[in-house]
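The values are calculated or read from the model by the stated rules, or taken from the named source; none is laboratory data. Just so we're clear, the structure is a prediction, and the values are computed from it rather than from any experiment. All Cβ positions, even for glycine, are placed from backbone atoms using ideal geometry, and neighbour counts span all protein chains on display.
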Amino acid sequence: MGGNQSVPKVTKQDRAILDLKLQRDKVRQYQKKIQVVLDREHEIAKQQLAAGNKDRALVALRKRKYQEGLLAKTDAQLENLEKLVSTIEFSLVEVSVLHGLQQGNEVLKEIHKELNVENVERILEETQEAREYQREVDEMLANALTLEDEEAVQAELRELQLETLGVQDTERPVTLPSVPQEVPVSKEPEAQPEERERVPVAA
C-alpha cells in the first residue's frame, strides 16, 4: 500500500541548489572555526604581553591578522553562494510562471476555436429560428380560440398565479350564507304564573 505513493521527482536543478546550499553551510562552519582562532590568538597576545614576551604577542597578532583576511574572503564567497542560490531559485519560479502562462494561452486558443465567428452566427440563427417558431405557434393557438375561450384561459391563468402567491381572487364574488327567516326559540323554560305571583312572607 505504501509503495504506491508517488515520490517527488528530484531534478538536476534541485540537486544543483542542494549542492550550493551544502557548500554555503560548509563555508559558514569554516567561518566559525576562524572566529575561534581569532579569539584564541587575541587571548594569546594579551597573555604574552602580560608576561613581557612582546615578540610572541606580535606573532599571535600577525596570525590573527592573517585569519581576519581569510574570514573576509570567506564572507565574499558566502555572499556569492547565497546570490547564486537565490538567482537559481528565482529562475525556477520564472520558468514555472512561464509554463503556466503557456498552458493558459493554449486553453484560450481552444476556447477561441469554439467561439469562432461561424459558430456564433450559427447559434444566433438557430436561436432566432426557435423564437420565430414559438411566436408562430403562439399566434396559431391564439387565433384558434374564441373570445370566450381566451377569457376563460386568462381567468384560469389569474387563478393559478393567485394560488402560487397564496392570495385570494378579489374579483371573484364572495358567497355569504343566507339570513334565517324564522325567529329563534329560547331553550330556557318559562317561569310558571304561580311562581311569579308568589310573594315571600315575612317571619
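The sole residue among 58, 20, 38 that is of a type in the set (A, V, I, L, M), more than 50 Å from the chain's Cα centre (by Cα), surrounded by 15 or more Cβ atoms within 10 Å (Cβ to Cβ) and in a helix (DSSP H, G or I) is 38.
The selection criterion, being exposed (fewer than 10 other Cβ atoms within 10 Å of the Cβ), without any contact (Cβ under 8 Å) to a residue 60 or more places away in the chain and of a type outside the set (Phe, Trp, Tyr), holds for residue 52. Would you confirm whether any residue within the stretch 116-123 is loosely packed, with under 10 Cβ neighbours inside 10 Å, assigned to a helix (DSSP H, G or I) and modelled with pLDDT under 80? Yes: one or more hits.
On the given criteria, is residue 86 surrounded by 10 or more Cβ atoms within 10 Å (Cβ to Cβ) and either out of contact with any helix residue (DSSP H, G or I) (no Cβ under 9 Å at 6 or more places or on another chain) or at pLDDT 75 or above (or both)? Against the criterion (surrounded by 10 or more Cβ atoms within 10 Å (Cβ to Cβ) and either out of contact with any helix residue (DSSP H, G or I) (no Cβ under 9 Å at 6 or more places or on another chain) or at pLDDT 75 or above (or both)), residue 86 qualifies. Look at the stretch 89-112: where a residue is surrounded by fewer than 10 Cβ atoms within 10 Å (Cβ to Cβ), no partner that is in a helix (DSSP H, G or I) and small (Gly, Ala, Ser) sits 6+ places away or on another chain with Cβ atoms under 7 Å.
Out of 141, 147, one residue alone is of a type outside the set (Asp, Glu), surrounded by fewer than 10 Cβ atoms within 10 Å (Cβ to Cβ), outside the structural domain of residue 24 (by TED's automatic domain parsing) and more than 30 Å from residue 20 (Cβ to Cβ). It is 147.
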